[in-house]
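The values are calculated or read from the model by the stated rules, or taken from the named source; none is laboratory data. Note that the structure is predicted; figures quoted are calculated from it, not measured. Note that each Cβ is placed from the backbone with ideal geometry, even for glycine, and that neighbours are counted across all protein chains shown. The area values use the complete protein model at the heavy-atom level, side chains included, leaving out ligands, DNA and RNA. Shrake-Rupley method; radii C 1.70, N 1.55, O 1.52, S 1.80 Å.
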Amino acid sequence: MPAPALAALLGLTLAACGLPLPWSVLTALPLAVVLAYAAAAPTRRSVTARVFWAGFGYFALHLWWLGAFLQQLLGAAPLVIILFALEAAFLAVMTTVAVNVTRTPTGRIWALAGGWVILEWLRFLGPLAFPWPTLGYTLLPTPAIQIADLGGVLLGSVLVAFTAASLAHAWLNRPSPNRQEQGRRPLAPAVLAAFAWAAALGYGATRMPGDGPEQPMRVLRTNFDAFGRASGGLTAQEQFSVQTIASLNRPSGSVIVWSEGAISSPGTRSTPGQTIPAFPGPGISGIGGSEQLTPPGPDPIGQPATYRQFNTVASLDAGGTIQSMSAKARLVPFGEEFPFRPVLGPVYRVIETSLGFTLASMTPNPNPTPLTLNGVLYGAYICYDSVFPWVARALANQGAQVLVNPSNDGWYQGWGVQQHFNMGRVRAIETRRWVVRSVNNGVAGTVNDLGQPVQTVDSGQELQVLDVRPKLLSGTTVYMRLGDWPALMLALLMVAYGVWQDRRQATRVTGVTERPGG
């Protein structure tokens with residue numbers, strides 16, 4: 001089989017062990033094969049090529065549902081191939097760096113493993129931020145995921161990558177009659193990985209749920225057509241009426257939670273002190289719409305912009321008066337934010353012609369703050385924010401007692417819906433806060449501070465209502481204090497170990513001389 005095809009097949013196998021599949025904990029095994037196969041390539045260029053094609057297969061299967069979304073939106077499913085190639089290209093760039101600091105297969109294994117984790121961290125940053133297939137999430141079926149309160153989901157990625165590298169190391173350095181064995185200990189990293197797993201599992205098994213006062217809440221799961229909402233085929237008043245009826249006659253002291261964009265505010269941005277007539281408060285709801293710019297501001301494609309879209313979440317009292325608000329912190333690339341306008345302007349114009357409206361970027365909120373309502377601090381963040389650990393961490397560090405995630409998963413189907421929910425579960429572990437989620441066409445309900453679903457609903461043709469009682473918690477985790485630094489330091493140590501192994505073995509290993517141009 002040609003090397004690119006075999007590498008892509010290995011990438012597909014890696015994705016077949018990812019979320020939302022229940023055996024995702026096995027991810028380290030196919031990753032070990034990917035690392036070993038890439039590291040054993042005869043030239044630098046071929047190492048990079050193997051990683052690129054493995055990455056292409058990995059992203060293609062893990063994110064297959066995006067093709068269905070683009071087909072429904074634009075009738076152009078093949079466009080998703082560009083995303084797969086772009087994500088694979090990032091892996092290839094990381095590999096180019098790794099192979100230029102190491103020369104032996106063993107050294108490259110460790111440089112690639114550490115570089116993989118560092119790249120995952122970089123994928124949380126910048127205008128193209130898309131941290132969807134992060135290795136650490138694959139620990140969710142096991143107690144080992146509880147280490148996220150020490151170093152976030154990336155600490156889980158370190159455990160997976162280290163395990164994979166140790167297995168690949170043992171395989172490439174296995175005893176052979178034709179190989180000098182003096183001083184070799186190929187199983188030493190694997191033994192250390194076994195101890196790391198034992199420690200992680202032991203730590204996770206001893207975590208107990210926190211205790212605190214309960215806050216009754218009513219969570220809605222709506223089934224509105226997301227495309228109908230965006231095009232105006234489903235009016236804002238129709239949505240408001242349906243949600244209002246479902247919010248009545250709830251338990252005493254209950255706070256309602258509506259999904260992202262559940263309230264539409266066309267023409268002007270809602271502000272604290274404004275009253276939403278007939279809102280059945282107290283509650284928390286997403287408020288979306290557009291605001292008129294006076295005077296018109298410059299549009300990135302050269303025309304005066306009269307309106308700008310916004311996406312916010314607000315707390316409202318029993319009379320429907322807005323008490324506090326916060327805007328979305330992380331915008332969806334090419335959905336709410338359209339980067340590289342000077343270069344991609346012609347492409348955007350074609351899409352705008354197809355859709356019949358302008359693709360205008362929103363303004364992100366770099367400093368999300370908790371919402372206040374009846375003396376409780378709610379760490380509310382919107383939809384895509386839930387896959388960025390820093391958002392929930394910032395809110396918890398400001399005293400949020402429970403996390404609230406209004407979302408809209410009606411844009412896509414399949415694995416994407418479950419992946420989004422499962423990734424959000426780790427925010428509960430990292431901050432040791434309950435997560436309450438109201439959603440349009442997704443998974444709604446509650447997750448406790450161990451990341452365990454307590455009450456959820458994920459299907460149904462009719463609007464679903466859950467009366468839940470999350471606990472209000474406080475306290476600070478190691479991750480809240482230190483963020484991703486522990487995981488990044490360990491990732492760098494893997495790279496350093498690879499460089500050390502490389503220098504140690506370079507004089508003994510034969511057959512690694514680069515070909516000209518390699």
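Figure legend. Inter-residue proximity from region 342-356: first residues under 19 Å from residue 72 (Cα atoms), second residues at pLDDT below 80 and of a type in the set (Lys, Arg), beta-carbon distance below 9 Å, spacing 6+ or different chains. Indicated pairs: 348/341.
In summary, residue 432 fulfils each of the numbered conditions (1) crowded, with 19+ Cβ neighbours inside 10 Å; (2) touching a strand residue (DSSP E or B) at 6+ places or on another chain (Cβ under 6 Å) with the single exception of condition (2). Only a single criterion out of (1) in a loop (DSSP other than H, G, I, E, B); (2) basic (Lys, Arg); (3) closer than 22 Å to residue 72 by Cβ is not satisfied by residue 330, namely (3). Residues in region 321-358 that are of a type in the set (Gly, Ala, Ser) and crowded, with 18+ Cβ neighbours inside 10 Å: 324, 326, 327, 329. Considering only region 95-117, I want to know if a residue exists there that is touching a Leu at 6+ places or on another chain (Cβ under 7 Å) and under 21 Å from residue 332 (Cβ atoms). No, there is no match, as no residue in region 95-117 is touching a Leu at 6+ places or on another chain (Cβ under 7 Å) and under 21 Å from residue 332 (Cβ atoms).
Where helices (runs of 4 or more DSSP H) fall entirely within region 119-236, those with at least 3 residues that are under 19 Å from residue 24 (Cβ atoms), in contact with a helix residue (DSSP H, G or I) (Cβ under 7 Å, 6 or more places away or on another chain) and modelled with pLDDT of 95 or more are at 148-172, 188-205.
Do you know which of the residues in region 6-23 that are assigned to a helix (DSSP H, G or I) and in contact with a Pro (Cβ under 7 Å, 6 or more places away or on another chain) is surrounded by the fewest Cβ atoms within 10 Å (Cβ to Cβ)? Within region 6-23, the match that is surrounded by the fewest Cβ atoms within 10 Å (Cβ to Cβ) is 13. Filtering region 395-409 to residues that are open to solvent by 20 Å² or more (accessible area, probe 1.4 Å) and either touching a residue at least 60 places away in the same chain (Cβ under 8 Å) or among the hydroxyl-bearing types (Ser, Thr, Tyr) (or both) leaves 397, 399, 401. When residue 26 is tested against (1) open to solvent by 10 Å² or more (accessible area, probe 1.4 Å); (2) assigned to a helix (DSSP H, G or I); (3) in contact with a helix residue (DSSP H, G or I) (Cβ under 7 Å, 6 or more places away or on another chain), only condition (3) is not met.
Being farther than 20 Å from residue 156 by Cα, open to solvent by 10 Å² or more (accessible area, probe 1.4 Å) and either of a type in the set (A, V, I, L, M, F, W, C) or at pLDDT 95 or above (or both) holds for only one residue in 455, 413, and it is 455.
Please indicate, with yes or no, whether at least one residue in region 357-376 is touching a Pro at 6+ places or on another chain (Cβ under 7 Å), more than 21 Å from residue 70 (Cα to Cα) and not β-branched (Val, Ile, Thr). Checked against the condition, which is being touching a Pro at 6+ places or on another chain (Cβ under 7 Å), more than 21 Å from residue 70 (Cα to Cα) and not β-branched (Val, Ile, Thr), region 357-376 yields at least one hit.
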